[in-house]
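All remarks here apply to the structure that follows.
The values are calculated or read from the model by the stated rules, or taken from the named source; none is laboratory data. Quick caveat: nothing in here was measured; it's all calculated off a predicted structure. Reconstructed Cβ throughout: ideal geometry from the backbone, glycine too, with neighbour counts over all protein chains shown.
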Amino acid sequence: MSFFDAFTRANNFTGRVRTAGDEVKQLADLHSRKGSHLFNAILAVGAMYAGKLNHQRVSSKREALSIAFQHYSYSIQGLREAIDGLNLGTSPRLPRHENQRVCILWTTFFLGVFELMNDATGHGWQQHIIHGTSMALKHSGPTSCRSGPGFAFFIQARIFEISRTILFNEPTFLTEPEWVSLSRDMWTDKENLAASKNTWTSLDSLLDIMVMCSSLRVRAEAFIQGQGSSQDMPPSDTDAMAISQDGHLLREALRSWSAAYIPDAALPSPSTSCTSNKDPENIRHCAADPSTLLARVFYASISIYLSGVFDYELPHWQRRNLPVPALDPATVAQHVCAILALTDTGLNHTALSPVLFLFPLRIAGARSCRQWQRDRVGALLDQIGIAYAVASAIRADLAQVWKERAAIPNPELQFA
């Protein structure tokens, strides 16, 4: 367990004081005598982390990885048995069953983390979070996440689900009304505020906006694909107008969020290589509040992402003379610079998990038109790749993007 403790200390998934380790260890201890799927998942992550720490000592790394895969296998087997013995959607809501549900949720979560550390393709993590964590959460329902252990899990896992839907441009159950209601109301429960240090942060309201942005991307993509189809009822101009209007509402929501929570966070100039943000005092200020630092990185990322909903396929909207909330190239470049500077600070001066910065770097990389920007994105991904093998998949994806765009004249003027 010591290596798992070390892992959780170096991998804070929310920026809050309480980590995933704080939330899960009591549950794991309760079930450790049975060699439960959760306990084995924790041991697998800890052993994998030990292998990462001993990457220069071949024999120690090999031994750690062997132990990691052994516990991973035990966890998978135990998880299947637990799911067979407990119908997540229909079994009685007894306290014992609730604990079993939460244990299953945490197991799928840590098996997904294991895959992020081990699998360079990202497919293993995608399978675990789509067919594991997301499905188990959805079947458990938002009621089980309103307080207690379920609430603690939801706080830790929500960022992963949002990152997934943005990285893969896929729909998420978090846009369903009952889950939107949970995100809006869960901080009004006095039990949640009193029982832990999981207090509300500005990141929570930003995550709600991010979910809506990902939903809009799915709608816009379906609309554009429908334009070229032979279906009897292709999307109408009314559909296009609704998407455009919702885009502007989300842009205004982002502006309001920024004005309320980071009013003094001026964007760096894109004409520099972001070295101006290396000032020690600025770094200390940013690193002192990891949650706000993460919120600022996500704000810059989702601002570009929302622009991409429209400017990737700008002709579709221009033909209809619809105004879209696309950002000008200079503002995009400023957001890219902010992502690079804040990610550097987050990786080197906080305990935020490196995996949190994957989707911001994917977005920044796609908009990096200058060589120094691409070099910096690559270096940061390589740094993340020391602990998380999946970073190489993002790097390979961006390398292909950059290769395709290398011949574009005046690339800094092009939308990415």
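Numerical summary
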item: Filter result (at pLDDT 90 or above and either aromatic (Phe, Trp, Tyr) or more than 14 Å from MET212 (Cα to Cα) (or both)) within segment 165-177; result: PHE173
item: Verdict on SER66 being modelled with pLDDT under 75, of a type in the set (S, T, N, Q) and more than 26 Å from the chain's Cα centre (by Cα); result: no
item: GLU170 free of Cβ contacts under 8 Å to residues at least 40 places away in the same chain and not β-branched (Val, Ile, Thr); result: no
item: Condition check for TYR312: aromatic (Phe, Trp, Tyr) and under 16 Å from the mean Cα position of the chain (by Cα); result: no
item: Some residue of segment 256-265 being within 25 Å of ASN11 (Cα to Cα), buried (at least 17 other Cβ atoms within 10 Å of the Cβ) and either of a type outside the set (Lys, Arg) or at pLDDT 95 or above (or both); result: yes
item: From ARG284, ARG362, residue being assigned to a helix (DSSP H, G or I) and either of a type in the set (Asp, Glu) or over 17 Å from the mean Cα position of the chain (by Cα) (or both); result: ARG284
item: Residue that is assigned by TED's automatic domain parsing to the domain that holds PRO149 and either modelled with pLDDT of 90 or more or in a loop (DSSP other than H, G, I, E, B) (or both), where the choices are LEU182, LEU206, LEU216, LEU193; result: LEU182
item: For MET135: the one exception among (1) at pLDDT 85 or above; (2) of a type outside the set (Val, Ile, Thr); (3) part of a helix (DSSP H, G or I); result: (1)
item: Qualifying residue in segment 92-99 (condition: in a helix (DSSP H, G or I), polar (S, T, N, Q) and either crowded, with 20+ Cβ neighbours inside 10 Å or modelled with pLDDT of 85 or more (or both)); result: no
